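Input: a single structure, listed below in structure tokens.
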Amino acid sequence: MGRSATPVVITGLGVLCPVGIGVEATWKALLTGKSGIARITCFDPSPYAVQIAGEVKGFDPSSLGDPKEVRRMDRCSQLVLAASTEALADAGLRKKTLDPDTSGVVIGSAAGGIQTMLDQYKVFLERGPRRLSPFFIQNMLVDSPAGHVAIAMGLRGPNMAVVSACATGTQAIGEAAEIIKRGDAEVMLAGGAEAPIHPLIVAGFGLWGLAKNNEEPERASCPFSKRRDGFVLSEGAAVVVLESLQHAQARGARIYAEVSGYGATCDGFDMTAMPEDGATAAQAMRLALRHAGLAPEDIDYINPHGTSTPANDIAETRAIKSVFGDHAYKLAVSSTKSMTGHMMGGSGAVEAVVCALAIRDQVVPPTINLDDPDPECDLDYVPNVARRMRVRAAASNSFGLGGHNATIVLKAV
């Protein structure tokens, strides 16, 4: 099978994140500027310097399948299975209507079943090796979410987990689109998930990168603001259904947008810091535009990485300026991480959903908590209030620890 000339389109969306469960609930919350950041509830955070995070609230995985199997899954897999179920239903697809041999999965995570691993290590230390769960290994692997989705849906096409830290979700969608373009599948479930709200992870990130506004958690994530002091760690998952345009049209599917461009680079610079000029992030954007066949002026909206860290927000702003030139000041650039926090491997997937909905509804969500912008961050970040505007094409940026950069471009069909 050779590389196909047919476009790849998004026909289904599924999301669970700190501001809501389900696409429409999430979208409504984002457009109204609702923050999902609060004091941690899944453990007592009192001993820790950072006591806030973005948790998925009210999630009940019991309806996802066999209760015993669901209980064995790491929370990361539970979240992504729920997102996949919503996305397939939204696309009008069901297990029995999918061709299992031409349908596949690319779902990634930065850490995979980290809670399973840490909980089982505690069991090992306190109770010995014979008390470990026999389901430990299969549920701690980074590809466990992708495997669980494929098993639940009966999909036998290409299956893999992209692992590129906080660029994971975006790269998973980009790589899944490439699988369809080269003719190896007709339908792909693609996205990312993370469930990192665990004492050890919060403590570790708290040593160097997390926002410390425990008193006003809803104001802690403030991308591009002068007062930003770090990101807020969050959990969440999102999955999109990708199809070849021909396949989607043949079954009369509703189409959100085309995944028209994808670019990925590496800084080759530092494990945590971007180059100050954002040059390699800019190259990922240029690659995505080139593959999309679009000029910088064709992009109306960017959902940036926008984590609320002092250095990266400036570097991303510089990268956008270098790619878009004068048009950079005409773009709407809003960071939904101001509301969701940073879901690591899940962020790029959630933000791809945001871009698809912005194209559908011709409205972009705000960057909340932007009352005192950093003078070095001088683009139009859609401060505090959503904006109705023309959105013909949108780009989403994700940058990860280890220097990973990824951009996807979505456009109206």
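With 0.36 nm allotted per residue and the present C-alpha distance subtracted, the residue 5-residue 89 stretch has 27.5 nm of extension available.
Dividing the mean sequence gap of close Cα pairs (under 8 Å, 6+ apart) by how many residues the chain holds gives a relative contact order of 24 percent. Take every DSSP beta bridge whose two residues both sit in the chain; close to 70 percent of them are antiparallel.
With both labels modelled 7 Å from their Cα along Cα-to-Cβ, the residue 227 to residue 184 distance reads 4.9 nm.
Mean residue ellipticity at 222 nm, helices only, the chain: -10000 deg cm²/dmol; runs of at least 4 DSSP H residues each add -39,500 (n - 2.57), and the sum is divided by the number of residues.
Model label points for residue 361 and residue 295, set 7 angstrom from Cα along the Cα-to-Cβ axis, are 3.1 nm apart. Specify the inter-centroid distance of region 365-403 and region 267-287, based on alpha-carbon positions, in whole Å. Centre-to-centre (Cα) distance: 18 Å. Bridgeable aspartates and glutamates around residue 95 (alpha carbons under 20 Å apart, same-chain partners fewer than 8 residues away excluded): 66, 69, 86, 184, 186, 243. Relative contact order, whole percent, for region 261-411 stands at 36, derived from Cα pairs under 8 Å and 6 or more residues apart. The string of couplings for region 48-65 from the Karplus curve (6.51, -1.76, 1.60, θ = phi - 60°) is 9, 5, 9, 10, 10, 6, x, 9, 7, 9, x, 7, 10, x, 5, 8, 7, x Hz, one whole number per residue in order, with x for Gly and Pro. Here region 173-244 and region 99-120 have alpha carbon centers that stand 15 Å from each other. In loop segments of region 363-399 as defined by DSSP, the trypsin sites (Lys or Arg not before Pro) with at most 12 further C-beta atoms inside 10 Å of their C-beta are 390. Under the combined filter of DSSP loop state and at most 14 neighbouring Cβ atoms within 10 Å, region 4-113 retains these trypsin sites (Lys or Arg not before Pro): 57, 94. What is the sum of charges, Lys and Arg at +1 and Asp and Glu at -1, for the other residues whose Cβ falls under 10 Å from the Cβ of residue 371? Net of charged neighbours comes to +2.
For region 239-331, state which trypsin sites (Lys or Arg not before Pro) are in a DSSP loop and have at most 15 other beta carbons lying within 10 Å of their beta carbon.
Counting only loop positions with at most 15 other Cβ atoms within 10 Å, the trypsin sites (Lys or Arg not before Pro) in region 239-331 are 251, 254, 330.
Only beta bridges with both residues in region 8-250 are counted; by DSSP, about 70 percent of them are antiparallel.
For region 253-313, the dipole from Cβ point charges (+1 on Lys and Arg, -1 on Asp and Glu) about the Cα centre works out to 300 debye, to the nearest 20.
When both bridge partners sit in region 261-411, DSSP labels roughly 75% of those beta bridges antiparallel. For region 261-411, rounded, prolate or oblate, judged on the Cα gyration tensor with a ≥ b ≥ c (square roots of eigenvalues), a/c < 1.5 rounded, else prolate if a/b > b/c? Cα axes put region 261-411 in the rounded bin.
For Cα extents along the principal axes in Å, the candidate list reads (i) 64, 54, 39; (ii) 66, 57, 51; (iii) 86, 47, 45; the entry that matches the value derived from this model is (i).
For the set 34/226; 57/122; 212/321; 34/337; 34/411; 34/330, the pairs lying more than 18 angstrom apart at their alpha carbons are 34/226; 57/122; 212/321; 34/411; 34/330. Applying 1/(1 + (r/R0)^6) with r as the Cβ-Cβ distance of residue 254 and residue 311 and R0 = 41 angstrom yields a FRET efficiency of 0.50. Across 377, 222, 42, mean-square fluctuation computed from a Gaussian network of the chain (C-alpha pairs under 10 Å connected) peaks at 42. Quick one: net charge around residue 79, please, counting Lys, Arg +1 and Asp, Glu -1 for every other residue with C-beta under 13 Å from its C-beta. Summing Lys and Arg as +1 and Asp and Glu as -1 gives -4.
Bear in mind these aren't lab numbers, they're just calculated from the coordinates by the rules spelled out. Please read all numbers here as calculations on a predicted model, not as lab measurements. Reconstructed Cβ throughout: ideal geometry from the backbone, glycine too, with neighbour counts over all protein chains shown.
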